[in-house]
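Peer 1: Pasting in a structure now, in structure tokens, and then I'll have a few things to ask.
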Amino acid sequence: MVTRIQTEAPRDERMLRENLIGKLLRRPELGAVGGALLVWILFALVAGDRGFLSLRGTANYLEVASQLGILAVAVALLMIGGEFDLSVGSIIGAAGMAIAILSVEYGWHIWAAIGVSLAFSLLVGALNGILVVRTRLPSFIITLGSLFIIRGATIGLTRLITGRTQVGGVKGTLGYDSAASVFASTLSIPDPASQRGLSAEFSISIFWWLLIAAIATYILLRTRPGNWIFGIGGDANAARNVGVPVNRMKVILFMATAASAWLVATIQVLSAGGADTLRGEQREFYAIIAVVIGGTLLTGGYGSAIGAVFGALTVGMVQQGIIYTGIDSDWFKVFLGAMLIVAVLVNNFIRKRASEAK
Amino acid sequence: MTAETALSVPTSPTATTPILEVRRISKYFGTVIALKDVSMTLLPGEVMCLLGDNGAGKSTLIKILSGVHQPDEGEYLVQGRPVRFNSPREALDHGIATVYQDLAMIPLMSITRNFFLGSEPTIGRGPFRRFDIRRANAIVRAELAKIGIDIRDPEQPVGTLSGGERQSVAIARAVYFGAQVLILDEPTSALGVKQAATVLRFIAQARARGIAVILITHNPHHAYPIGDRFTILKRGRTLGTFTKDELPREEMIRMMSGGEELEQLEDELQHYRA
Ligand SMILES: Nc1ncnc2c1ncn2[C@@H]1O[C@H](COP(=O)(O)OP(=O)(O)OP(=O)(O)O)[C@@H](O)[C@H]1O
Ligand SMILES: [Mg+2]
């Protein structure tokens, strides 16, 4: 695509179009947008008349997608930065349990419990990051370790304090209403498709999801730290040599994924009114799947937050859509696994075409 | 052009102070003596070629110059003043820029993002301070046009550039950010004849602007035409610095291609034939 000045050819209209298509092909999220559209059309055809297309159906899969999407957006930034975080699922469990125990068992004001839970999550994220940076071990190993440590400690401590593995009664705690309005409220819209006059409840988590995606996209594409994230994922040494604070950025990215897990935990605890030590199990894998479907490269240096949004949307549509089709939802994981592999193949193909030397 | 004429071009008195100087530098990696008592000077506006066999210590020397390593013994002076760099960034701030063969560019990032990585221009204040992509693109386009590379889209991935163009972009970046000294570790080793010529021509352009260049290469046909002076390293020690007059092309080719070893090998093979 490079020519010498001397051979400056007249730019005809055909070349301009090619350039535009080339530009589109270079966007990492292209495949994910197409995939999400495809999945939506598929379920619209198969289960459109059974409620998938209704407002309530939409609110349903958007809520599932939003909770996954909040995680996926943060995980996307981390993966573009060249690292993994397998501990986010465990942090969801721990952060949620911290809120429930502090507010219910110890009678704390809910906002104080939420704040301490956030501080705890950030600390765990920072520890993950510092360990990765200091030991130079793969983050896969470090966070696999913290996955088990955090989950085990959550179960152990909860049983020690409460004698159970679940804690309920959050809805009766001090300050619950104000916290719930921020993290667990819904927007009711009457569903015209409903015979019984039911409303579709659009969860506020959808708003959080889109807000975080917008912030992440802005950071990634329009700020200096965003450029550094691409740089450290593409080649950490090269980035370090031009003065990028590689270690600091990595620690911050781990803190961001931990914070996203805390947000999901807060939303879940306040909506459900309680916490369970097993909350968030396997969420780390779903998040990675959403990110990879979204076009982010496993090896880092390439990807997008918008892609992760569409990846999460796709996973959410499949998970909830399958229920509307009448197929046993046991088959969901089969679809998910197959979709992951197909998505990676398609994304690789697109990326090769768009970014390799001619 | 010999070292003497290169010296006589700049007329200001500071031109004779070396822009870089190392005095009896040593570097050890555990029990390995990578460098021992190496001294070298670099003058403004000259191309110094660093020659030597594999493992001679060339990369180690330039890593010291560029702040990646710190010397265990000896002095390092920049424009006559002693320095001790703890990171490549500090060297960069003194105008010493290094382009590594493999680390030059990140293929999946756009030309502009690569060019400005670590030094992104910004617009706006406080929380609204953001990467000024439009200005960055314009600068990249202009800087590359100066060296004869016309890019249609500065946001295309660097991976779509040829190897020579990538090297040129990396060097253009160093020059743009005010490098006084350019250190190039085997910039032409993976390149074809034409692409290597692009890079060499660009090095000559940089020299013409008064930038001093340290060039590592294994190819005498690249070193000889562009080099003003030649420093030869052998097993961590320097054999001295030579001007073109002192080191005729044949002699240099013989030294660089391991002439002695080849002659010995020839004798041995002769022996088998008999
Ligand atoms: N980080 C390191 N740790 C241990 N030994 C090292 C390290 N870096 C270099 N060495 C050793 O120091 C010596 C000089 O290496 P150096 O890379 O400087 O050689 P070179 O002249 O650049 O060789 P080449 O032409 O192959 O690039 C070698 O014996 C090498 O093994
Ligand atoms: Mg070397």
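Peer 1: Starting from the amide H of A:ALA200, placed 1.01 Å from N in the peptide plane, find each other amide H under 5 Å away whose residue is 5 or more places distant or on another chain.
Peer 2: Residues meeting the criterion, in which the H sits 1.01 Å from N, are A:ILE189, A:ASP191.
Peer 1: If the reach is capped at under 17 angstrom between alpha carbons, list the aspartates and glutamates near A:LYS352, excluding any in the same chain fewer than eight residues apart.
Peer 2: Cα-Cα hits under 17 Å: A:GLU18, A:GLU29, B:GLU155.
Peer 1: Provide the three semi-axes, in whole Å and in decreasing order, of the ellipsoid equivalent to region A:137-204 as defined by the square roots of 5 times the Cα gyration tensor eigenvalues.
Peer 2: 37, 21, 13
Peer 1: Which angle between 0 and 90 degrees, to the nearest 10, do you get for helix A:55-80 versus the longest principal axis of chain A when only C-alpha atoms count?
Peer 2: Computed tilt is about 60 degrees.
Peer 1: List the lysines whose Cα lies under 18 Å from the Cα of B:LYS234, skipping any in the same chain that are fewer than 8 positions away.
Peer 2: By straight Cα distance, B:LYS234 reaches B:LYS27, B:LYS36, B:LYS58, B:LYS63.
Peer 1: On average, how many beta carbons from a partner chain sit within 10 Å of the beta carbon of a residue in A:217-224?
Peer 2: Details: counts 0, 1, 2, 0, 4, 8, 7, 10.
Partner Cβ neighbours, averaged per residue: 4.
Peer 1: Continuing with the same structure: Output the antiparallel fraction of DSSP beta bridges having both residues in the protein assembly as shown, as a percent to the nearest 5.
Peer 2: Numbers: 33 of 52 bridges.
Bridges in the protein assembly as shown are about 65 percent antiparallel.
Peer 1: Measuring with a 1.4 Å probe in the full set of protein chains, what accessible area per residue, in whole Å², belongs to region B:170-236?
Peer 2: On a per-residue basis, 38 Å².
Peer 1: So how far, in whole Å, is the C-alpha centre of region A:210-232 from the one of region B:12-86?
Peer 2: 39 Å
Peer 1: For region A:30-348, what is the accessible area per residue in Å² when the probe is 1.4 Å? Before the final figure, lay out the partial values.
Peer 2: Details: 13110 Å² over 319 residues.
Solvent-accessible surface per residue comes out at 41 Å².
Peer 1: Where does the Debye-calculated log10 I(q)/I(0) of region B:127-274 sit at q = 0.10, 0.19 Å⁻¹, using only Cα point scatterers of equal weight, no solvent?
Peer 2: For region B:127-274, the Cα-only Debye profile gives -0.49, -1.18.
Peer 1: Further, regarding this structure: When DSSP beta bridges are limited to those with both residues in chain B, what percentage is antiparallel, rounded to the nearest 5?
Peer 2: In chain B, approximately 55 percent of DSSP beta bridges are antiparallel ones.
Peer 1: Could you compute how much accessible area chains B and A hide from each other, both sides summed, with a 1.4 Å probe? Nearest 100 Å² is fine.
Peer 2: Working: alone 14500 and 18010 Å², together 29150 Å².
The buried area between B and A, both sides summed, comes to about 3400 Å².
Peer 1: Now, a different point. Would you work out the relative contact order for region A:30-348, in percent, from Cα pairs under 8 angstrom that are 6 or more residues apart?
Peer 2: Numbers: 587 pairs, mean separation 119.3, N = 319.
Relative contact order of region A:30-348: 37 percent.
Peer 1: Let me ask another. Identify all lysines with a Cα-Cα distance to B:LYS146 below 20 Å; exclude those on the same chain that are fewer than 8 residues away in sequence.
Peer 2: Counting by Cα, and skipping residues close in sequence, B:LYS146 has these lysines nearby: B:LYS194.
Peer 1: Give me, ordered by chain and number, the residues 5 or more places off B:ARG237 or on other chains with an amide H under 5 Å from its own placed amide H.
Peer 2: HN-HN under 5 Å from B:ARG237: B:LYS36.
Peer 1: Using just the helices of chain A, give the 222 nm mean residue ellipticity in deg cm²/dmol: DSSP H runs with n ≥ 4 each add -39,500 (n - 2.57), and the total is spread over all residues, rounded to 500.
Peer 2: -23500 deg cm²/dmol
Peer 1: Just report the Cα centroid separation between region B:221-237 and region A:311-340, whole Å.
Peer 2: 64 Å
Peer 1: Same structure again: For chain A, what is the charge dipole size about the Cα centre, in debye to the nearest 20, if Lys and Arg each add +1 at the Cβ and Asp and Glu each add -1 at the Cβ?
Peer 2: So the magnitude is around 940 debye.
Peer 1: Determine the share of region A:53-162's accessible area contributed by carbon and sulfur atoms, expressed in whole percent, with a 1.4 angstrom probe.
Peer 2: Working: 2990 of 4120 Å².
In region A:53-162, the share of accessible area belonging to carbon and sulfur is 73 percent.
Peer 1: While we're on this one: Direction-averaged shadow area of the convex hull around the Cα atoms of region A:258-358, nm²? List each step's numbers first, then the result.
Peer 2: Working: hull surface 32.9 nm².
Seen from a random direction, the Cα hull of region A:258-358 projects 8.2 nm² on average.
Peer 1: Sticking with this one: With a ≥ b ≥ c the root eigenvalues of the C-alpha gyration tensor of the protein assembly as shown, is it rounded (a/c under 1.5), prolate (a/b larger than b/c) or oblate?
Peer 2: Prolate shape, in that a/c is at least 1.5 and a/b is the bigger ratio.
Peer 1: According to the Kirkwood expression over distinct Cα-Cα pairs, how big is the hydrodynamic radius of chain B, in Å? If you can, show how the numbers build up before the last one.
Peer 2: Working: mean 1/r = 0.0501 Å⁻¹.
By the Kirkwood definition, the hydrodynamic radius is 19.9 Å.
Peer 1: How large is the Rg to Rh ratio of chain A when both quantities use alpha carbon positions and Rh follows Kirkwood? List each step's numbers first, then the result.
Peer 2: Details: Rg = 22.0 Å, Rh = 21.6 Å.
Radius of gyration relative to Kirkwood radius: 1.02.
Peer 1: In peptide A:299-307, what is the residue-averaged number of other protein chain Cβ atoms found within 10 Å of each Cβ?
Peer 2: Working: counts 1, 1, 4, 5, 1, 0, 0, 0, 0.
Mean partner shielding for this stretch: 1.
Peer 1: Just tell me how shielded B:109-117 is by partners: mean number of partner chain Cβ atoms within 10 Å of each residue's Cβ, no decimals.
Peer 2: Mean partner shielding for this stretch: 5.
Peer 1: Dipole size in debye (nearest 20) for the protein assembly as shown around its Cα centre, Lys and Arg Cβ +1, Asp and Glu Cβ -1?
Peer 2: It works out to roughly 1060 debye.
The values are calculated or read from the model by the stated rules, or taken from the named source; none is laboratory data. Predicted model only: the values in this text are computed from it and were never measured. Here the Cβ is made from the backbone with ideal geometry for all residues, glycine too, and neighbour counts use every protein chain on show. Heads up: the accessible areas ignore ligands, DNA and RNA and are worked out on the full protein's heavy atoms, side chains in. Shrake-Rupley method; radii C 1.70, N 1.55, O 1.52, S 1.80 Å.
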